[in-house]
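Remarks on the structure that follows.
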Amino acid sequence: MRVWTRLAMTSALVGWLCGCATQAPIPNPPDAKGIGDGFGYKAVDTGRLPGREPALPGHYVIVAFSGGGTRAAALAQGALRELEATRSPVAPDFTLLEAVDMVSSTSGGSVAAANFVLRGRTGYRRLDAPDGFLLHNGMTELIGGVLSPLNILERTMTSKSRVQLLSALFRRTIFGDATFRTLQEQRSRHPPLLVLNSADMATGERFPFVQRQLDRLCLDLRDIALADAVTASAAFPIALTPLRLPDRSPCPAQATGQGARVIDGFLNESGVTRAELAAGCRDGRLVLDTQPAAFRARSRRQLPLLNLDACGRALPPDDPDRLQFVHLLDGGIADNLGLAEPLETLTDRGDDARVVNAILKGDVREVVVIAVNARSQPSTAIGHGTGTPGILSMAGAVASATIDGRSGGLIAELESLPALLRDTFHGIPGGAPKVTVIPIDFELIQDPACRTRFQEIGTNWSLSSEKVTALQEIASAVLRASPSFLDLAGVPNPASATQAGQTRAIRACNRLLPLPPSPEQPLAFGPE
């Protein structure tokens, strides 16, 4: 493990042993005035119409960014820059970047995702400017904050915690005081929908920052700061403490009208209705639908968020079973590729019902998923010697194994998406939409030595300018070597046009070599 991770984990262990480990709160947002239609930040607030955007009509384009610290942020930024440099084949006044309808992300990928949606095409590239976040030495700042005697004392005597250092870093260097309300106010430029993913520490379930999820806490997503949501998405377990959101359920907004329908829908997902709760309470049994469904099990595990007893009644404020907070950790624990929410949207369980309606009407004839996976595979001494791994190595390995295992499951789901959509939309006029999956993954680098060099780049918040540049260019190279991407871009004979991508990959690989000083080649994006 990297030295910074060991230092942070040592601080975490000291805090735990002395009883001073704390959990930082996201500043308490006000109670939601209402939930359901007309409240919160939602897909409709982007101003985009699925399948009817001029940049790429008939398409619904999803971009998903994985976790991995600055490595993931730089790889994601490279993908965005390649999309920006590629003209739409049907509307040359637009780029493929403007065709993106949804950006879903976790951990380090959330930095690039939130910055892009916030700043738009004219401003998102400030992330890779000479004084931008990608070249900022965040680790020096975080380690100094974690190990500073004054900060250790402050965390011991107050409710402050290590993760607040990361939130403050994001506020100062990228997001300022921007909130999801800021995104809502930019409807006129038709930005994509932003979905930042974290994980609920109590259940291990993913916690996407979407209004449907916040409805269950009786909170308005518009009041949440982007810096806090990105921090929750990137709070790597043990090294950082979790952030927490207050649980205000049940509240008056959930009891009547649209709010009640939202909660009833959530209960139905769990296989229980309010009437069944009441009936079960009277005769001493709880009626649950036993039909197996993965999403139903997930909903049941989230039922405690509503703070209802077995009869569907509100738990008293002083009831020990009442949830006061939801504690949020790195989204990679539950969804390291940021794919779960987009997949639910395509099968009518997500936060934008308009997508399925657009498919049914024939407005969306092709679904495009660009999945950026920054998973690393650094060399390890574990198993090569006779010694037994220590507690820090075990803690890091357990956290990483959880994240990597979930990634494999989501990749399998993504591969089955065409068949799933064929089953879901069987019989509609025109049939199910075509599915195009375009991965960006270090595994796609053909040269083994080059592939290893990229997989060895560590997970932290500080990389050299050479690594940041190489990561951005390799993202471009993988896209330019993908026949599916070239076909989307309208390149003639895409299968034979991939050599330019391979050439670009060699240049990206060479940036990681300890070569003698020479004039640096500028980054290349778009067609050669």
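Taking strands (runs of 3 or more DSSP E) as the structural unit, those lying wholly within the range 173-277 and holding at least 2 residues that are touching an Asp or Glu at 6+ places or on another chain (Cβ under 6 Å) correspond to 193-200, 206-208.
Matching residues to (1) at pLDDT below 90; (2) closer than 30 Å to residue 68 by Cβ; (3) open to solvent by less than 60 Å² (accessible area, probe 1.4 Å); (4) aromatic (Phe, Trp, Tyr):
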site: 221; (1), (2), (3), (4): no, yes, yes, no
site: 250; (1), (2), (3), (4): no, no, yes, no
site: 257; (1), (2), (3), (4): yes, no, yes, no
site: 284; (1), (2), (3), (4): yes, no, no, no
site: 287; (1), (2), (3), (4): yes, no, yes, no
site: 294; (1), (2), (3), (4): yes, yes, no, no
site: 301; (1), (2), (3), (4): yes, yes, no, no
site: 317; (1), (2), (3), (4): yes, no, no, no
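Comparison of 181, 187 shows that the only residue that is touching a Phe, Trp or Tyr at 6+ places or on another chain (Cβ under 8 Å), open to solvent by 40 Å² or more (accessible area, probe 1.4 Å) and under 28 Å from residue 94 (Cα atoms) is 181. For the range 339-353, the condition of being part of a loop (DSSP other than H, G, I, E, B), of a type in the set (Gly, Ala, Ser) and either farther than 24 Å from residue 259 by Cα or modelled with pLDDT of 90 or more (or both) holds for none of the residues. For the structure I just gave you, tell me whether residue 528 is part of a loop (DSSP other than H, G, I, E, B), open to solvent by 80 Å² or more (accessible area, probe 1.4 Å) and either in contact with a helix residue (DSSP H, G or I) (Cβ under 9 Å, 6 or more places away or on another chain) or free of Cβ contacts under 8 Å to residues at least 60 places away in the same chain (or both). Here the answer is yes, as residue 528 does meet what is asked.
Residue count for the range 462-477 satisfying the condition of being open to solvent by 20 Å² or more (accessible area, probe 1.4 Å) and closer than 24 Å to residue 437 by Cα: 0.
Scanning the range 159-172 for residues that are outside any loop (DSSP other than H, G, I, E, B) and in contact (Cβ under 8 Å) with a residue 60 or more places away in the chain, we see that the one that is most open to solvent (accessible area, probe 1.4 Å) is 164.
Only one of the numbered conditions (1) under 23 Å from residue 130 (Cβ atoms); (2) open to solvent by less than 20 Å² (accessible area, probe 1.4 Å); (3) assigned to a helix (DSSP H, G or I); (4) in contact (Cβ under 8 Å) with a residue 60 or more places away in the chain is violated by residue 458, and that is (3). Counting only residues that are of a type in the set (Ser, Thr, Tyr) and either buried (at least 24 other Cβ atoms within 10 Å of the Cβ) or under 11 Å from residue 57 (Cα atoms) (or both), the range 82-103 holds 2 of them.
Name every residue in the range 397-418 that is modelled with pLDDT under 85 and under 27 Å from residue 490 (Cα atoms), in order of residue number. Of everything in the range 397-418, those that are modelled with pLDDT under 85 and under 27 Å from residue 490 (Cα atoms) turn out to be 411, 414, 415, 416, 417.
If we scan the range 440-455, do we find a residue that is within 30 Å of residue 89 (Cα to Cα) and assigned to a strand (DSSP E or B)? Taking every residue of the range 440-455 in turn, at least one turns out to be within 30 Å of residue 89 (Cα to Cα) and assigned to a strand (DSSP E or B).
The values are calculated or read from the model by the stated rules, or taken from the named source; none is laboratory data. Remember, predicted model here, so these are calculated numbers, not experimental data. Neighbour counts run over all protein chains shown; Cβ positions are idealised from the backbone, glycine included. Keep in mind that these areas ignore ligands, DNA and RNA; they rest on the heavy atoms of the full protein, side chains included. Shrake-Rupley method; radii C 1.70, N 1.55, O 1.52, S 1.80 Å.
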